[in-house]
Amino acid sequence: MPSPRASLLALALLAGASCRRPTGSTLAPRYLLGLSPGPSFTVLGATLYADRDLQYHDANCLGVTLAGGREPPMLDGGRVELWVVGGDPIGRVDRSPDGRYHAAVRTALPPGTHVAGNLVGSNAVPAHRFHSPAHVPLAIQRIKPDAGFALRAGEGLPVTWRGGDSSHVALVVTVSHGPADAAQTGWLLTCVVPRGRGRFAIPASAFPRARIPADADTVTVTVAADDRVVEEEYALDVTPVGSADDQAVGTFAR
């Protein structure tokens, strides 16, 4: 799956310093390096949101507005490098001119493979090299929500799953007018929560009325295994490329 993206250099230095998580912070990390292994290829990326673009932030979730069906441009954090622990490099990715971190390499990584990563850093985002590895996890099975579910403004969204061996589960929710991949505007919420509990209720506060387009009528939810390592304000997420069964599409009403 896709794992989900952030101004002027003079402001970026301040943004990078202001959004470092203080010791003991209860907020979710917001500088994310991602790896999505598939059967014959692996996708590399990073999510480095600027303060002005991060519209929702709690202990588990990050929320941003989609424009033209796309996330905001990422901050420039320098090159992202990922490798197999004790083995070969997997690949590297630089920020594109339009502010994206995305690359695919013809490498298959079987479940159990341990990987590590490094963010070279810049004036906008401090450098970070991960000291602990993450592993390629087994898939999980989405239980709820079912296809055709309904979500109303002011309500939360319960999600359940089973199986897997990952430390966490990634929940990606898009609220838009029509299919998410064709949305001109929309709301993108990404939550990463512990897998073992088998359930998580996304709070109603994560669906702020002011951020959801007035014509929104469709909700798309993806539930996927995510092995996560968190170090300070940084996270390394390994989320295998999923299947259609990981996703449920429902309706949204105000």
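Here is how the numbers come out for the structure above:
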| read-out | value |
| --- | --- |
| Residue count for the stretch 116-139, restricted to those that are assigned to a loop (DSSP other than H, G, I, E, B), open to solvent by 80 Å² or more (accessible area, probe 1.4 Å) and closer than 20 Å to Trp83 by Cα | 2 |
| Looking only at the stretch 217-250, and only at residues there that are among the hydrophobic types (A, V, I, L, M, F, W, C) and open to solvent by 10 Å² or more (accessible area, probe 1.4 Å), the one that is nearest to Pro158 (Cα to Cα) | Val249 |
| Answer from Val193, Val175 - the residue that is under 21 Å from Ser243 (Cβ atoms), in contact with a Phe, Trp or Tyr (Cβ under 7 Å, 6 or more places away or on another chain), part of a strand (DSSP E or B) and not small (Gly, Ala, Ser) | Val193 |
| Check on Arg142, surrounded by fewer than 16 Cβ atoms within 10 Å (Cβ to Cβ) and either on the phi > 0 side of the Ramachandran plot or touching a strand residue (DSSP E or B) at 6+ places or on another chain (Cβ under 6 Å) (or both) | no |
| Subset of the stretch 90-115 that is among the hydrophobic types (A, V, I, L, M, F, W, C) and part of a strand (DSSP E or B) - its residue that is most open to solvent (accessible area, probe 1.4 Å) | Ala104 |
| Breaking point among (1) over 15 Å from the mean Cα position of the chain (by Cα); (2) over 30 Å from Ala127 (Cβ atoms), for Thr222 | (1) |
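The values are calculated or read from the model by the stated rules, or taken from the named source; none is laboratory data. A quick note: this is a predicted structure, and the numbers were derived from the prediction, not measured. Glycine also receives a Cβ, built like all others from the backbone with ideal geometry; neighbour counts cover every protein chain displayed. Areas reflect the complete protein model, heavy atoms only, side chains present, ligands, DNA and RNA absent. Shrake-Rupley method; radii C 1.70, N 1.55, O 1.52, S 1.80 Å.
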